[in-house]
Amino acid sequence: MSGTDATAVADVGGATTLLDGVDIHKGFGRGRRRHEVLHGCSIRVHEGECVAVIGGSGSGKSTLTRILLGLETPDSGVVRFGGEPIASPEGLRRLRHASGVVYQDPFASLDPRWTAYESVSEPLRLRRTRHQRTDGEELVARVCDALRLMALDPHEFLDRYPIDMSGGQAQRVAIARAIVTGPRLLLADEAMSAIDVAARLQILDAFASVRAHDPRVGMLLVSHDLGVVQSIADTIVVLHDGVVVERGSAAAVLDDPQAPYTRELVAAATL
């Protein structure tokens, strides 16, 4: 990896930071109609770390996610990827080049007219340049590898359309699409909330496979359900009414929650 394309920077103490959001504020509307959504939120994802952002509806998770992806501009605060503010063209380029995103509804994120092969291969095809071509055989091989990592048999799924898949299968195809380029950061926004309980376990296994395949990948999981992230998160950040009310290791937050809101979440979760 060249110095100009580095996607992690060293922290004091030797850890490496991929994504760093500092003191983020965001509100919508004007005057009396103005609503403050985020109040000084900070979040950091290290290389090889899985951070779960937990919070109920209206907590600010969606707005925070959009800001971290560069889709929304904060009123104040800064988001950096690989040490470069994403407000700069170079920082945003780095973020989009080295990250993959998995959304809530796989049937909305996958083109219904495309086969699994077409959907998963698209990020690779978009990156082709005159000086960096991926030939047909390599495209097929990399798509097949991504599907296998998701426990999907390429012989069965390469030519399958979303309508012919279950929700869990479609979401695993969407994850394959997000990881096929080998991203440094994977962001999953409520990726398990639109599928049934049995399929959620398959999605958790799929994320675990991604981490096992490349231990350097940083992951940011956004969820309203503490139970679905307990088996994979290293760090949990609890967001309530736009404020980070608690953060810590997954074990500490689950076993000894300090904030009243976190205690409510833990009590309600199926752990």
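The values are calculated or read from the model by the stated rules, or taken from the named source; none is laboratory data. Please read all numbers here as calculations on a predicted model, not as lab measurements. Heads up, the Cβs are rebuilt from the backbone with ideal geometry, glycines too, and the neighbour counts pull from every protein chain shown.
Summary of computed values
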{"read-out": "Single match in Asp234, Asp225 (criterion: under 19 Å from Gly58 (Cα atoms), of a type outside the set (Gly, Ala, Ser), surrounded by fewer than 19 Cβ atoms within 10 Å (Cβ to Cβ) and under 20 Å from the mean Cα position of the chain (by Cα))", "value": "Asp225"}
{"read-out": "Failed item in (1) surrounded by fewer than 23 Cβ atoms within 10 Å (Cβ to Cβ); (2) within 30 Å of Leu126 (Cβ to Cβ), with Leu186 passing the rest", "value": "(1)"}
{"read-out": "Selection status of Leu71, outside any strand (DSSP E or B), under 30 Å from Ala208 (Cβ atoms), at pLDDT 90 or above and not charged (D, E, K, R)", "value": "yes"}
{"read-out": "Subset of region 256-271 (residues that are in a helix (DSSP H, G or I) and under 23 Å from the mean Cα position of the chain (by Cα))", "value": "Thr262, Leu265, Val266"}
{"read-out": "Members of region 157-180 found to be buried (at least 17 other Cβ atoms within 10 Å of the Cβ) and among the β-branched types (Val, Ile, Thr), listed by number", "value": "Val173, Ile175, Ile179, Val180"}
{"read-out": "Which listed residue is within 30 Å of Tyr117 (Cβ to Cβ), surrounded by fewer than 19 Cβ atoms within 10 Å (Cβ to Cβ), without any contact (Cβ under 8 Å) to a residue 60 or more places away in the chain and of a type in the set (A, V, I, L, M, F, W, C), from Ala252, Ala212, Ala194, Ala267", "value": "Ala212"}
{"read-out": "Subset of region 182-197 [modelled with pLDDT under 90 and either in a strand (DSSP E or B) or within 14 Å of Ala170 (Cα to Cα) (or both)]", "value": "Ala191, Met192, Ser193, Ala194, Ile195, Asp196"}
{"read-out": "Of residues in region 217-255 being in a strand (DSSP E or B) and small (Gly, Ala, Ser), the one modelled with the lowest pLDDT", "value": "Ser223"}
{"read-out": "Those residues of region 245-255 which are aliphatic (A, V, I, L, M) and within 22 Å of the chain's Cα centre (by Cα), in sequence order", "value": "Val245, Ala250, Ala251, Val253, Leu254"}
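So that you can scan it fast, the table gives a plain yes or no per residue for (1) modelled with pLDDT of 95 or more; (2) over 17 Å from His97 (Cβ atoms); (3) outside any strand (DSSP E or B); (4) in contact with a His (Cβ under 6 Å, 6 or more places away or on another chain):
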{"position": "Gly13", "(1), (2), (3), (4)": "no, yes, yes, no"}
{"position": "Ile24", "(1), (2), (3), (4)": "yes, yes, no, no"}
{"position": "Glu36", "(1), (2), (3), (4)": "no, yes, no, no"}
{"position": "Ser42", "(1), (2), (3), (4)": "yes, yes, no, no"}
